[in-house]
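The values are calculated or read from the model by the stated rules, or taken from the named source; none is laboratory data. In this text the structure is predicted, and so the values were computed from the model without any measurement. Here Cβ is always computed from backbone atoms with ideal geometry, including for glycine, and neighbour counts include all displayed protein chains.
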């Protein structure tokens with residue numbers, strides 16, 4: 001079965017990774033940042049070696065996000081980020097093909113142990129099964 005494993009974050013988290021601390025996120029130093037990239041890269045490498053990895057990407061910060069919605073008049077309303085009213089957004093993901101929900105849960109649990117600076121917000125890792133066909137609704 002295919003699953004989407006989502007990592008979450010906020011604009012403040014991305015700013016923290018650039019070394020700019022705020023009340024909502026600590027500043028990362030270069031050593032912490034490299035440890036995080038190495039840790040996440042090792043997960044991707046292991047999933048690739050096991051044949052479970054279909055895709056994995058980190059996403060740019062919410063400030064580079066654009067929302068497109070339909071307004072009351074039926075015309076598109078386009079809003080550029082960041083969105084202060086939005087809590088966390090997807091910061092990156094893996095698409096995996098695993099034998100079971102238990103296996104993908106093991107992967108997500110490993111993701112939760114990613115290193116970072118003291119005071120880092122720990123977001124849950126979200127697992128969503130990818131629909132195979134209309135029967136999965």
- State which residue is farthest from the chain's Cα centre (by Cα) when the search covers only segment 87-112 and only residues that are closer than 24 Å to residue 17 by Cα and free of Cβ contacts under 8 Å to residues at least 40 places away in the same chain. 109
- Item | Filter pass, residue 3 being in contact (Cβ under 8 Å) with a residue 12 or more places away in the chain, surrounded by 12 or more Cβ atoms within 10 Å (Cβ to Cβ), part of a strand (DSSP E or B) and in contact with a helix residue (DSSP H, G or I) (Cβ under 9 Å, 6 or more places away or on another chain) | yes
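So which residues in segment 1-21 are farther than 12 Å from residue 120 by Cβ and out of contact with any strand residue (DSSP E or B) (no Cβ under 9 Å at 6 or more places or on another chain)?
18, 19, 20
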- Query: Looking at segment 28-36, is at least one residue surrounded by 11 or more Cβ atoms within 10 Å (Cβ to Cβ), touching a residue at least 12 places away in the same chain (Cβ under 8 Å), more than 16 Å from the chain's Cα centre (by Cα) and farther than 17 Å from residue 121 by Cα?
  - Reply: no
- Kindly list the number of the only condition in (1) surrounded by 14 or more Cβ atoms within 10 Å (Cβ to Cβ); (2) on the phi > 0 side of the Ramachandran plot that fails for residue 74. (1)
- Determine, yes or no, whether residue 44 is more than 15 Å from residue 115 (Cα to Cα) and in contact with a strand residue (DSSP E or B) (Cβ under 6 Å, 6 or more places away or on another chain). yes
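Answer with yes or no whether residue 57 is over 17 Å from residue 103 (Cα atoms), surrounded by fewer than 16 Cβ atoms within 10 Å (Cβ to Cβ), at pLDDT 95 or above and in contact with a strand residue (DSSP E or B) (Cβ under 7 Å, 6 or more places away or on another chain).
It is true that residue 57 is over 17 Å from residue 103 (Cα atoms), surrounded by fewer than 16 Cβ atoms within 10 Å (Cβ to Cβ), at pLDDT 95 or above and in contact with a strand residue (DSSP E or B) (Cβ under 7 Å, 6 or more places away or on another chain).
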